[in-house]
Number of protein chains: 2
Amino acid sequence: MTVTDELLTNAERYAAGFTKGDLPLPPAKQIAIVACMDARLNPYGLLGLTEGDAHVIRNAGGVITADELRSLAISQRLLGTQEIVLIHHTDCGMLTFTDDEFKAGIQAEVGIKPSWSAEAFSDLDTDVRQSVRRILDDPFIPRKGSVRGFVYDVFTGKLREVPSGD
Amino acid sequence: MTVTDELLTNAERYAAGFTKGDLPLPPAKQIAIVACMDARLNPYGLLGLTEGDAHVIRNAGGVITADELRSLAISQRLLGTQEIVLIHHTDCGMLTFTDDEFKAGIQAEVGIKPSWSAEAFSDLDTDVRQSVRRILDDPFIPRKGSVRGFVYDVFTGKLREVPSGD
């Protein structure tokens, strides 16, 4: 049995006890969360979110690339979200390599170098600020009055706000 | 008080009861989930996931673009995940518009047309299969033995597998 099969058994249990079939499409709390994909970072537990509350956007690093700008534009323009919360975290895998070495390793193995940036970073606060600035600089996201960046500490469970720094 | 401030109060409560500070960086279940950002789709509740279990990657639609391929390459190459689960869902916002009309609307308002594709779709199963195929066709994701696509029904809470179709 694969892990996927195990999760499908859990999904059957979830459906059996499901009582939230009447939630509207737009997020009730009008907020979008952008967070790292890291397994230790659970935005639902951390932020007290439940079904229907918020858009949750996640990738390696919790960084802002074209796809997060696309998702945020759709979130705000079509589904009415007003605030954005960004979450990076301590002990992140993105702190352990550089774009150059990661992509050179792939090129050595596969024979092709990815055309994308790996988006590794060496300082958490600096990258949170970089991510905030990419949002503030984007022409397609209409509401930028509350775009705040945080670092989650995977060892203590604490969330710390990153000062804007400029 | 903003919604962000309200979520920060929840985060303080989470930290106060935190007991999971010793989890390793690699996901325990060696699996990556790619799902839509939709507020009604809670991958933790649905799949029975908890802190430390799985990478969770999310965007508007749960579609596969360059950023998801980047995240999946990092997930497998640096953090050892072996399986991939894709989840779209019923009543998705991405079914309600076309790329052309969404981008024309932005251009009319902002004066610039986004260079990204909005990735809207008109059929759930077809787009799940499209997403699976984008992964299978990617040269940088090494492990493709278990890449399975699903549609979550937001009205019933049930998860349905999409047959590969070819």
Please pick out the residue among B:Leu72, B:Leu78, B:Leu86 that is more than 8 Å from every other protein chain (Cβ to nearest Cβ), on the phi < 0 side of the Ramachandran plot and part of a helix (DSSP H, G or I). B:Leu72
Yes or no: B:Gln107 surrounded by fewer than 19 Cβ atoms within 10 Å (Cβ to Cβ), part of a helix (DSSP H, G or I) and of a type in the set (S, T, N, Q)? yes
Which condition does B:Leu49 not pass, out of (1) more than 7 Å from every other protein chain (Cβ to nearest Cβ); (2) more than 23 Å from A:Leu95 (Cβ to Cβ); (3) crowded, with 24+ Cβ neighbours inside 10 Å; (4) hydrophobic (A, V, I, L, M, F, W, C), if it passes all the others? (3)
For the subset of the range A:11-46 comprising residues that are crowded, with 16+ Cβ neighbours inside 10 Å and among the polar types (S, T, N, Q), which member is nearest to B:Ala28 (Cα to Cα)? A:Asn42
Any idea how many residues of the range A:52-69 are facing chain B (nearest Cβ under 7 Å) and under 26 Å from B:Pro24 (Cα atoms)? 5
Please enumerate the residues belonging to the range A:32-69 that are under 18 Å from B:Arg40 (Cα atoms), more than 9 Å from the chain's Cα centre (by Cα) and not in a helix (DSSP H, G or I). A:Ala32, A:Asn42, A:Gly48, A:Leu49, A:Thr50, A:Glu51, A:Gly52, A:Asp53, A:Ala54, A:His55
Given (1) within 15 Å of B:Ser71 (Cα to Cα); (2) buried (at least 24 other Cβ atoms within 10 Å of the Cβ), number of the condition A:Leu86 does not satisfy: (1)
Which number in (1) of a type outside the set (Asp, Glu); (2) under 30 Å from B:Asp22 (Cα atoms); (3) surrounded by fewer than 14 Cβ atoms within 10 Å (Cβ to Cβ); (4) out of contact with any Ser or Thr (no Cβ under 9 Å at 6 or more places or on another chain) marks the one condition that A:Phe97 misses? (3)
Picked from the range A:110-125 (must be of a type in the set (Ser, Thr, Tyr) and in contact (Cβ under 8 Å) with a residue 12 or more places away in the chain), the residue surrounded by the most Cβ atoms within 10 Å (Cβ to Cβ) is A:Ser117
Could you tell me whether the range A:144-151 includes any residue that is in contact with a Ser or Thr (Cβ under 9 Å, 6 or more places away or on another chain), within 12 Å of another protein chain (Cβ to nearest Cβ), more than 17 Å from B:Thr2 (Cα to Cα) and not basic (Lys, Arg)? yes
What single numbered condition from (1) in a helix (DSSP H, G or I); (2) over 22 Å from A:Ala32 (Cβ atoms); (3) more than 10 Å from chain B (Cβ to nearest Cβ) fails to hold for A:Ser122? (1)
Taking the range B:1-31 only, how many residues are more than 7 Å from chain A (Cβ to nearest Cβ), among the polar types (S, T, N, Q) and in a loop (DSSP other than H, G, I, E, B)? 1
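Results for (1) over 17 Å from B:Ala60 (Cβ atoms); (2) touching a Lys or Arg at 6+ places or on another chain (Cβ under 7 Å), shown as yes or no for each residue.
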site: A:Tyr44; (1), (2): yes, no
site: A:Thr50; (1), (2): yes, no
site: A:Ala54; (1), (2): no, yes
site: A:Glu68; (1), (2): no, no
site: A:Ser71; (1), (2): no, no
site: A:Gln76; (1), (2): no, yes
site: A:Phe97; (1), (2): yes, no
site: A:Ser117; (1), (2): yes, no
Taking only the range A:155-166 into account, find how many residues are under 11 Å from A:His88 (Cβ atoms), within 8 Å of another protein chain (Cβ to nearest Cβ) and in contact with a Gly (Cβ under 8 Å, 6 or more places away or on another chain). 0
Take the range A:7-30 and flag every residue that is within 18 Å of B:Ala35 (Cβ to Cβ) and touching a strand residue (DSSP E or B) at 6+ places or on another chain (Cβ under 6 Å). A:Ala11, A:Pro27
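Within the range A:15-55, can you find the residues that are among the charged types (D, E, K, R) and in contact (Cβ under 8 Å) with a residue 12 or more places away in the chain? Lay out the reasoning, then the answer.
The initial filter retains those residues of the range A:15-55 that are among the charged types (D, E, K, R), namely A:20, A:22, A:29, A:38, A:40, A:51, A:53.
A:Lys20, A:Lys29, A:Asp38, A:Arg40, A:Glu51, A:Asp53, listed by residue number.
No value in this document is a laboratory result; all are computed from the given coordinates. Owing to the predicted nature of the structure, the values given are computational and were not obtained by experimental measurement. Counting neighbours? That spans all protein chains shown, and the Cβs are built from the backbone with ideal geometry, glycine included.
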